[in-house]
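Enquirer: Before I ask anything, here is the structure I am working with.
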Amino acid sequence: MLDIKFIRENPELVKTGIKNKNEKDTVDEILVLDKRRREILNEVEVLKAERNSVSKEIGVLKREGKDATEIMSRMKSVSEKIKGLDAELRETEEKLNEKMLWVPNLPHESVPVGKDENDNIEVRRWEPDGFVYEKDFELKDHLELGKKLGILDFDRGAKITGSGFPVYVGKGAALERALINFMLDLHIQKHGYTEVIPPLLVNRDSMVGTGQIPKMEDDMYQIPKDELYAIPTAEVPITNLHRNEILNEDEVPKKYVGYTACFRREAGSYGKDSKGFLRVHQFNKVEMVKIVKTEDSYDELEKITNDAEDILKELNIPYRVLMLCTGDLSFSAAKCYDIETWSPAENKWLEASSCSNFETFQARRLNLRYRSKEDKKVHLLSTLNGSGLATSRLMVSLLENYQTPDGKVIVPKALHKYTGFTVIG
RNA sequence: GGAGAGGUGGCAGAGUGGUUGAAUGCGGCGGUCUUGAAAACCGUUGACGGUGCAAGCUGUCCGGGGGUUCGAAUCCCUCCCUCUCCGCCA
């Protein structure tokens, strides 16, 4: 959520940001509601002040045994007026709040203006020493490898649940588990994050807090009976850890890392990159979340991106980092780097991580603040998160890059101590 | 799922419907004392909104929402959460 005062004072700036993000511009409607809200507020507060003081007088009169019927009946009509204005105020505030929840975060000034993913900018690329993009043997894709090696079973997953719910079998399951543990350990031990295992189901307030709702509501799996939602990313429960809290300055920054399964309906995306792991409804992800002072947030964005890249360097998997343009930026993000891993069989780059700075956008929805030692006041914090990483696309790149001409898959060295075996097949 | 108890300021814990934003204690902050610290003593101590250049004035908030009343932390309705017991179950 943006600051209503900021919108009031910089409507054109906000409109430009919304336009660059390809979102719906509701600024004018918001300004009208905001103005109306303040008008009612001014009117009703005068009446409430009167009611408060006169009610006290009535108390005094009654204690002295004096008659107060006349003054009471006068106050009754004041009270009725207040009731009417309060109702109008509530209605206006509800409308305003609803509109405010639909206003996206504004892109940071360093973000290139662009229409869609084609306008994203590659900021760097990394390959292992001696890496070649053109292999000298016939490559199998991850589906074929998974099937031939008996480590991935998409068909039975579809039988049990539906398409997009993969089953990992034998060494496939062990490899998945190894990846998760490897990534967690690296972030905990080398990068200094604190591990959390959060709930996989969250309430509506949590989803609103991080900005998935209202915009992405149809992309969530819902449990209507209990008014809960399956998390699309660990970002939601972890960022919500400190919702409605005022942290001490020395508790900041908070750095969390957590592994969770993630659930996404991916409504309306059928037919596009849909085979195997390229698009799934349930996948595993290790997620990093940072809660920091706003002035530090852009340094922290670079760091969190580097932390994610570290995983791929350790695994020796080629990747590139993109700076997303305004049009490809998610609803809540001010700036975002995507990390894409190389898939030789698909002959393309696959998004395996997204590292974003939300500045105070989520914190304002979350009511997440800290008390400054310097001025003793409370200030909004800033939140960031980065996948570190999602295993599904990573698994694609891993299997395809580490395959041998005779159809086996070598296990990356960094995972040996987690898998206990060095080759699959 | 059934029965009961309870949700008040950072924490603990009072609060006959009427100067209660809320006693008291702890904690925090500032000060006195001290070479320094502790102890003791004194003072101070919420968030959010409106208005104003500011000082200030003002409104809201005692789990969430709604209601009764001139006036609600206190009464009523409803939802949520926590705890205890019973039942069911991984």
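The values are calculated or read from the model by the stated rules, or taken from the named source; none is laboratory data. Since the model is a prediction, treat every value here as computed from it, not as a measurement. Counting neighbours? That spans all protein chains shown, and the Cβs are built from the backbone with ideal geometry, glycine included. The protein model used for the area step is the full one, side chains on, heavy atoms only, and it has no ligands, DNA or RNA in it. Shrake-Rupley method; radii C 1.70, N 1.55, O 1.52, S 1.80 Å.
Enquirer: Can you go through A:341, A:360, A:422 and tell me which one is within 25 Å of residue A:190 (Cβ to Cβ) and in contact with a Leu (Cβ under 7 Å, 6 or more places away or on another chain)? Talk me through it step by step, then tell me what you get.
Expert: Working: A:360 fails: within 25 Å of residue A:190 (Cβ to Cβ); A:422 fails: in contact with a Leu (Cβ under 7 Å, 6 or more places away or on another chain).
Exactly one of A:341, A:360, A:422 is within 25 Å of residue A:190 (Cβ to Cβ) and in contact with a Leu (Cβ under 7 Å, 6 or more places away or on another chain), namely A:341.
Enquirer: Shifting gears a bit: Residue A:373: free of Cβ contacts under 8 Å to residues at least 40 places away in the same chain, surrounded by fewer than 20 Cβ atoms within 10 Å (Cβ to Cβ) and within 16 Å of RNA strand B (Cβ to nearest atom), yes or no?
Expert: On the way: free of Cβ contacts under 8 Å to residues at least 40 places away in the same chain: no; surrounded by fewer than 20 Cβ atoms within 10 Å (Cβ to Cβ): yes; within 16 Å of RNA strand B (Cβ to nearest atom): yes.
When the stated conditions are applied, residue A:373 does not pass them.
Enquirer: Under 7 Å between Cβ atoms, which residue pairs at least 6 apart in sequence (or on different chains) link something in region A:192-213 that is in contact (Cβ under 8 Å) with a residue 40 or more places away in the chain with a partner that is open to solvent by less than 80 Å² (accessible area, probe 1.4 Å) and acidic (Asp, Glu)?
Expert: A:210/A:235
Enquirer: Among the listed residues A:137, A:165, identify the single one that is touching a residue at least 12 places away in the same chain (Cβ under 8 Å), surrounded by fewer than 13 Cβ atoms within 10 Å (Cβ to Cβ) and either outside any loop (DSSP other than H, G, I, E, B) or not basic (Lys, Arg) (or both).
Expert: Numbers: A:165 fails: surrounded by fewer than 13 Cβ atoms within 10 Å (Cβ to Cβ).
It is A:137.
Enquirer: While we're here: Just a yes or no: is a residue in region A:274-281 modelled with pLDDT of 90 or more, farther than 30 Å from residue A:98 by Cβ and crowded, with 23+ Cβ neighbours inside 10 Å? Walk me through it before giving the result.
Expert: So in region A:274-281, the residues modelled with pLDDT of 90 or more come out as A:280-281.
Subsequent filtering for residues that are farther than 30 Å from residue A:98 by Cβ retains A:280.
Narrowing further to those that are crowded, with 23+ Cβ neighbours inside 10 Å: none.
No: region A:274-281 contains no residue that is modelled with pLDDT of 90 or more, farther than 30 Å from residue A:98 by Cβ and crowded, with 23+ Cβ neighbours inside 10 Å.
Enquirer: Another question, if that's okay. Among the residues of region A:394-406, are any in contact with a strand residue (DSSP E or B) (Cβ under 7 Å, 6 or more places away or on another chain), more than 20 Å from residue A:207 (Cβ to Cβ) and assigned to a loop (DSSP other than H, G, I, E, B)?
Expert: Yes; the residues of region A:394-406 include at least one that is in contact with a strand residue (DSSP E or B) (Cβ under 7 Å, 6 or more places away or on another chain), more than 20 Å from residue A:207 (Cβ to Cβ) and assigned to a loop (DSSP other than H, G, I, E, B).
Enquirer: Pairs please, first residue from region A:300-316 and without any contact (Cβ under 8 Å) to a residue 24 or more places away in the chain and outside the structural domain of residue A:397 (by TED's automatic domain parsing), second anywhere and β-branched (Val, Ile, Thr) and buried (at least 16 other Cβ atoms within 10 Å of the Cβ), Cβ atoms under 6 Å, 6+ apart in sequence or on different chains.
Expert: none
Enquirer: Please return the ranges of helices (runs of 4 or more DSSP H) entirely within region A:1-80 where 1 or more residues are touching a residue at least 60 places away in the same chain (Cβ under 8 Å) and within 11 Å of RNA strand B (Cβ to nearest atom).
Expert: Of the helices (runs of 4 or more DSSP H) lying wholly inside region A:1-80, those with at least 1 residues that are touching a residue at least 60 places away in the same chain (Cβ under 8 Å) and within 11 Å of RNA strand B (Cβ to nearest atom) span A:4-9, A:27-63.
Enquirer: Filter region A:319-370 for residues that are of a type outside the set (S, T, N, Q), more than 21 Å from the chain's Cα centre (by Cα) and surrounded by fewer than 20 Cβ atoms within 10 Å (Cβ to Cβ) and give the result. Please lay out each step first, then the result.
Expert: Taking region A:319-370 and keeping what is of a type outside the set (S, T, N, Q), we get A:319-325, A:327-329, A:331, A:333-340, A:342, A:344-346, A:348-352, A:355, A:358-359, A:361, A:363-366, A:368-370.
Keeping just the survivors that are more than 21 Å from the chain's Cα centre (by Cα) gives A:319-320, A:342, A:344-346, A:348-349.
Listed by number, the residues that qualify are A:320, A:344, A:346, A:348.
Enquirer: Exactly one of these conditions fails for residue A:107: (1) at pLDDT 90 or above; (2) farther than 29 Å from residue A:6 by Cα. Give me its number.
Expert: (2)
Enquirer: Kindly indicate whether residue A:106 is within 32 Å of the chain's Cα centre (by Cα), hydrophobic (A, V, I, L, M, F, W, C) and not assigned by TED's automatic domain parsing to the domain that holds residue A:216.
Expert: Judged against the criteria, residue A:106 is a match.
Enquirer: Could I ask something else about it? Can you confirm whether residue A:85 is open to solvent by less than 70 Å² (accessible area, probe 1.4 Å), within 12 Å of RNA strand B (Cβ to nearest atom), touching a residue at least 12 places away in the same chain (Cβ under 8 Å) and not acidic (Asp, Glu)?
Expert: Numbers: open to solvent by less than 70 Å² (accessible area, probe 1.4 Å): yes; within 12 Å of RNA strand B (Cβ to nearest atom): yes; touching a residue at least 12 places away in the same chain (Cβ under 8 Å): yes; not acidic (Asp, Glu): yes.
Taking the combined requirement at face value, the residue satisfies it.
Enquirer: So, in region A:219-239, of the ones that are over 12 Å from residue A:207 (Cβ atoms) and not charged (D, E, K, R), which residue ends up surrounded by the fewest Cβ atoms within 10 Å (Cβ to Cβ)? Walk me through it before giving the result.
Expert: Going residue by residue through region A:219-239, those that are over 12 Å from residue A:207 (Cβ atoms) are A:223-226, A:234, A:238.
Next cut, not charged (D, E, K, R) only: A:223-224, A:234, A:238.
Details: A:223: 11, A:224: 7, A:234: 27, A:238: 26.
Residue satisfying both the conditions and the ranking: A:224.
Enquirer: Within the bounds of region A:177-190, is there any residue that is open to solvent by 10 Å² or more (accessible area, probe 1.4 Å), within 14 Å of the chain's Cα centre (by Cα) and closer than 29 Å to residue A:154 by Cβ?
Expert: Within region A:177-190 (the criterion being open to solvent by 10 Å² or more (accessible area, probe 1.4 Å), within 14 Å of the chain's Cα centre (by Cα) and closer than 29 Å to residue A:154 by Cβ), the answer is no, since none of the residues qualifies.
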